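Working notes for the structure below.
The values are calculated or read from the model by the stated rules, or taken from the named source; none is laboratory data. Every value quoted in this text rests on a predicted model; they were computed, and no experiment measured them. Counting neighbours? That spans all protein chains shown, and the Cβs are built from the backbone with ideal geometry, glycine included.
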Amino acid sequence: MTRPLPELTPDVAWFWKSGEDGRLRVQGCTECGSLVHPPVPLCPRCRSRSWKPTAVSGEAVVVGFTVNAHQWTPEFPPPYVVANVALVEDPSVRLTTNVVGCDPDEVHIGQKVRVRFEHHDDVWLPLFEPTGDDAVTDPLEAPSRPRPRPPVSEERFEHRCVLSGVGRSAIGRRLMRDPLSLTVDACLDAVADAGLTLDDIDGLSTYPGMAGMGMSEGGVAAVEEALRVHPTWINGGGDLPGPGGSVIAAMLAVAGGLCRHVLCFRTVWESTFAALGLRGPGGGRVSGFRQWQAPYGALSAANWIAMNANQYLHRYGASRQMLGWIALNGRANAARNPAAIYREPMTMDDYLSARPITSPFGLYDCDVPCDAAIAVVVSDASVAADLPKPAVRVEAVGTQILERVSWDQGTVTHEPQVLGQSAHLWTRTGLEPADVDVALVYDGFTFNAISWLEGLGFCGLGEAQDWMDKGRRIALDGELPVNPHGGQLSEGRTHGFGFIYEAVTQLRHEAGDRQVPGARTAVVTSGGGTPSGVMLLQRDGT
């Protein structure tokens with residue numbers, strides 16, 4: 001096994017070298033005594049900038065884990081256990097690590113573990129091994145719905161905008177097409193759908209900009225050059241409320257009078273990227289947030305979210321079948337969607353017997369890498385009556401961050417960055433969950449969809465298994481149809497934009513065999529982790 005090692009930058013070198021004397025150290029505030037991890041320049045409790053590396057006992061409790069079965073890189077062969085462990089001194093301080101010294105199947109929630117360092121070059125990695133005991137009490141507090149800040153006024157920027165057009169390129173596996181050409185297809189389709197021309201477009205917005213790994217067409221500059229448009233405002237950042245944040249940013253620009261018609265787009269070509277044997281940034285050491293996961297083989301969001309999923313299953317007594325109903329619902333709906341990649345029928349036996357990826361996730365818990373581009377036009381609300389198709393109004397958005405922006409600190413019972421944004425949504429509207437006709441919830445993994453359904457208040461925290469009624473409640477003919485297009489689990493991973501496209505299609509009543517009868521209100525979430533956002537959309541005239 002060859003582990004990716006962290007960069008020994010001045011702010012963290014002390015942590016990675018701490019184990020040289022066999023002692024685990026974390027940041028400790030010298031003013032109030034708070035322990036902090038990962039290291040930051042000031043104490044989040046008392047705001048003091050005075051701190052020092054502080055030795056702790058090295059004892060912890062497993063609060064989340066996953067047995068990884070998939071080989072993400074040739075250098076890190078499975079199986080191995082990735083765990084989230086809470087320090088006994090302060091359970092809010094946690095480390096992603098490996099549990100070693102036992103069979104992977106013996107690792108469980110509540111297990112007591114003790115640090116054991118593994119030396120590599122100039123780095124001492126803190127691993128943990130079982131002590132043979134279990135914690136007497138659960139070290140984690142029960143989750144509760146956060147309380148968002150109330151709106152600052154009765155004005156809503158959302159109401160100054162409409163979604164006027166949507167477009168999509170071909171979607172499929174290994175299309176072997178230049179990603180910019182996919183983007184151009186989607187953009188031209190969306191502009192025409194809105195009854196506009198490229199000369200009308202005065203804003204461009206995308207997410208996450210010039211990303212690698214088959215997740216971008218090259219960013220705003222590439223599209224601006226290809227289409228020869230002349231925007232008065234652009235956005236190409238990744239620090240937004242999820243992929244849908246590029247649409248929310250466009251709404252703010254329109255509401256503020258910076259532009260009138262913003263073309264938003266998102267392109268992926270992960271399938272072709274992999275088929276061509278291309279490689280993203282690699283080699284050398286890891287830094288940033290990845291330094292806290294990569295050395296332990298937690299190389300995918302699948303590992304990070306699986307640890308939370310196992311904590312959920314343990315805490316609420318739910319089974320893998322709960323996740324299976326999400327996967328089966330997506331596949332059944334995709335059968336009605338000509339654009340979906342996977343349309344073949346799937347049974348619960350198929351789901352449960354699929355190749356394991358990282359427990360509790362199997363192959364069908366994970367969304368489908370693909371090639372596709374999707375575009376959305378955000379326009380000033382004054383044009384709604386002149387559009388060739390029904391405008392889609394934005395009733396409200398949920399964006400407030402109320403949880404740790406972290407994969408392994410803060411929320412561990414649900415997908416991070418779901419509960420806060422969900423609660424924020426309902427403070428900006430008089431509507432309630434019961435008013436929603438169709439839910440488009442992010443399903444990068446089956447557990448993500450569970451987190452959004454609970455976070456948005458369609459059922460209580462921990463109640464999804466019973467509430468779904470073996471999938472009947474979320475079916476196309478159920479009380480709350482979920483992901484009628486098949487979601488990312490079956491249609492393909494378009495990183496949130498596919499849900500926006502489907503929401504507009506449903507609210508226009510153009511979805512054909514998968515149409516939710518009379519759909520007038522849709523909730524759309526985007527983001528498979530931190531951060532994320534949510535929108536509440538309505539058919540114009542509602």
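Scanning segment 322-363 for residues that are in a helix (DSSP H, G or I), in contact (Cβ under 8 Å) with a residue 60 or more places away in the chain and either among the aliphatic types (A, V, I, L, M) or more than 25 Å from GLN506 (Cα to Cα) (or both) gives MET322, LEU323, ILE326, ALA327, LEU328, ALA332, ALA334.
Would you say VAL412 is surrounded by 21 or more Cβ atoms within 10 Å (Cβ to Cβ) and in a loop (DSSP other than H, G, I, E, B)? Spelling it out, VAL412 is indeed surrounded by 21 or more Cβ atoms within 10 Å (Cβ to Cβ) and in a loop (DSSP other than H, G, I, E, B). Only residues that are touching a Lys or Arg at 6+ places or on another chain (Cβ under 9 Å), assigned to a helix (DSSP H, G or I) and of a type in the set (Asp, Glu) were counted across segment 364-409, and they come to 1.
Yes/no per residue for (1) in contact with a Ser or Thr (Cβ under 9 Å, 6 or more places away or on another chain); (2) buried (at least 20 other Cβ atoms within 10 Å of the Cβ); (3) modelled with pLDDT under 95:
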site	(1), (2), (3)
ALA83	yes, yes, no
LEU95	no, yes, no
LYS112	yes, no, no
THR137	no, no, yes
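The one condition from (1) out of contact with any Gly (no Cβ under 6 Å at 6 or more places or on another chain); (2) assigned to a loop (DSSP other than H, G, I, E, B) that PHE76 does not meet is (1). When we screen THR505, THR530 for residues that are at pLDDT below 95 and either assigned to a helix (DSSP H, G or I) or of a type in the set (S, T, N, Q) (or both), the only hit is THR530.
Can you name the residue in segment 477-502 that is among the hydroxyl-bearing types (Ser, Thr, Tyr) and in a helix (DSSP H, G or I) and, of all such residues, is farthest from ALA194 (Cα to Cα)?
Applying the filter and picking the extreme gives SER490.
Scan segment 208-241 for residues that are closer than 23 Å to ALA391 by Cβ and part of a loop (DSSP other than H, G, I, E, B) and the total you get is 4. You will find that of SER181, SER164, the residue that is in contact with an Asp or Glu (Cβ under 9 Å, 6 or more places away or on another chain) and touching a residue at least 60 places away in the same chain (Cβ under 8 Å) is SER164 and no other. Restrict the check to segment 51-58 and report whether at least one residue is within 28 Å of the chain's Cα centre (by Cα), closer than 28 Å to ASN308 by Cα and not polar (S, T, N, Q). Scanning segment 51-58 turns up no residue that is within 28 Å of the chain's Cα centre (by Cα), closer than 28 Å to ASN308 by Cα and not polar (S, T, N, Q). Just wondering, is there one or more residues in segment 26-37 that are farther than 20 Å from HIS119 by Cα, buried (at least 20 other Cβ atoms within 10 Å of the Cβ) and of a type in the set (Val, Ile, Thr)? Scanning segment 26-37 turns up at least one residue that is farther than 20 Å from HIS119 by Cα, buried (at least 20 other Cβ atoms within 10 Å of the Cβ) and of a type in the set (Val, Ile, Thr). Would you mind stating whether VAL184 is of a type in the set (A, V, I, L, M) and either touching a Cys at 6+ places or on another chain (Cβ under 6 Å) or within 25 Å of HIS414 (Cα to Cα) (or both)? No: the conditions fail for VAL184.
Just name the residue that is modelled with the lowest pLDDT out of those in segment 144-176 that are crowded, with 19+ Cβ neighbours inside 10 Å and part of a loop (DSSP other than H, G, I, E, B).
By that ranking, first place goes to PRO148.
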